[in-house]
Amino acid sequence: MRKVKLEVKAVARRFADPAVSERLIAALTDAACEVFGEEARSQIWVVIAGVPAERWGIGGKPLS
């Protein structure tokens with residue numbers, strides 16, 4: 001099986017507590033295994049990117 005790469009981007013402050021990233025990685029990996037099968041677990045990569053609020057825009061305006 002080829003690798004499965006899941007990428008998550010969110011406002012950086014969401015990841016201030018390292019435990020949040022750990023829980024998100026575990027939950028996303030578990031969800032992908034439900035779809036692709038448990039044998040895929042070792043090939044599932046989760047990448048989390050925290051984006052500063054001033055670099056995130058919604059409706060033409062920055063969040064900050």
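The values are calculated or read from the model by the stated rules, or taken from the named source; none is laboratory data. Small disclaimer: the values here were computed from a predicted structure and weren't measured. Positions of Cβ are generated from backbone atoms using ideal geometry, with glycine treated the same way; all protein chains shown enter the neighbour counts. These accessible areas exclude ligands, DNA and RNA; they are computed on the full protein's heavy atoms, side chains included. Shrake-Rupley method; radii C 1.70, N 1.55, O 1.52, S 1.80 Å.
Charge dipole (Cα centre; +1 on Lys/Arg Cβ, -1 on Asp/Glu Cβ; no other charges) of the chain amounts to roughly 340 debye. In the chain, the portion of solvent-accessible area held by carbon and sulfur atoms comes to 54 percent [1.4 Å probe, whole percent, DNA, RNA and ligands not counted]. Over the chain, DSSP H runs of length four or greater, each weighted -39,500 (n - 2.57), average out per residue to a 222 nm ellipticity of -10000 deg cm²/dmol.
Hey, can you find the accessible area per residue of the chain for me, probe 1.4 Å, expressed in square angstrom?
Working: 4840 Å² over 64 residues.
Each residue of the chain exposes 76 Å² on average to a 1.4 Å probe.
Rounded to the nearest 5, the antiparallel percentage of DSSP beta bridges internal to the chain is 20%.
Each of 15, 36, 64 was placed along the dipole of the chain (beta-carbon charges, centred on the mean Cα), and the one lying farthest toward the positive end is 64.
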